[in-house]
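Here's the structure we're looking at; comments come further down.
The values are calculated or read from the model by the stated rules, or taken from the named source; none is laboratory data. Computed from a predicted structure; not experimentally measured. Cβ coordinates were reconstructed from backbone atoms using ideal geometry, including for glycine residues, and neighbour counts include every protein chain displayed.
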Amino acid sequence: MQEIFEALDKFNDGILRRQQFIMALRCDERIVEFIDVDAVKVPYSKRVLTLDEVFVEVEKDEMYETAQLGKQANQINHKEFITWREFMTYFNDYREIEERNKKAKEIQKTRDKMQKERKGAEEGASDDEAKNITSLMEKEKQRRLQELPKLRPAD
């Protein structure tokens, strides 16, 4: 993997675009041979990650950062790039990654809850509007029925 990193590092500055590096790893036949092999045992849980799952975690960091920035044009995504040292930390330190994943799940739960509340409020408003329309129609019907005898000619 380090050979691939160094081959991609054309400027010898020790930094690559994260997506470019992960894509190169996934396409290299030497890596593909053992991409589904257990690579990391997470020390404080019973989980064991395959190399592919480690790559997914590397990609998630950039996506998480992008989501946090939103659509603000002036913001810089610091996770767009990766150094070799940063890459190697994915095989050692999973506390930070687990914290990020927990936060992402909490954020998603909050968004889902807010959407449900919004839908409930909209449906409640729709029900009220329907009742108001029905009530107005009923009043108009009563008004017309009262005027009906006035409009008929006398027999």
*In the list Glu96, Glu129, which residue meets the criterion of being acidic (Asp, Glu), surrounded by 10 or more Cβ atoms within 10 Å (Cβ to Cβ), modelled with pLDDT under 80 and closer than 22 Å to Gln19 by Cα?*
Glu96
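Yes/no matrix, rows are residues, columns are (1) at pLDDT below 95; (2) surrounded by 15 or more Cβ atoms within 10 Å (Cβ to Cβ); (3) of a type outside the set (Lys, Arg); (4) closer than 30 Å to Arg111 by Cα:
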{"position": "Leu16", "(1), (2), (3), (4)": "no, yes, yes, no"}
{"position": "Tyr44", "(1), (2), (3), (4)": "yes, no, yes, yes"}
{"position": "Glu53", "(1), (2), (3), (4)": "yes, yes, yes, yes"}
{"position": "Asp61", "(1), (2), (3), (4)": "yes, yes, yes, yes"}
{"position": "His78", "(1), (2), (3), (4)": "yes, no, yes, yes"}
*Of the numbered conditions (1) loosely packed, with under 12 Cβ neighbours inside 10 Å; (2) at pLDDT 80 or above, Gly70 fails exactly one; give the number of that condition.*
(2)
_the range 3-40, residues that are under 26 Å from the mean Cα position of the chain (by Cα), under 27 Å from Glu99 (Cα atoms) and without any contact (Cβ under 8 Å) to a residue 24 or more places away in the chain_ = Gln20, Met23, Ile35, Asp36
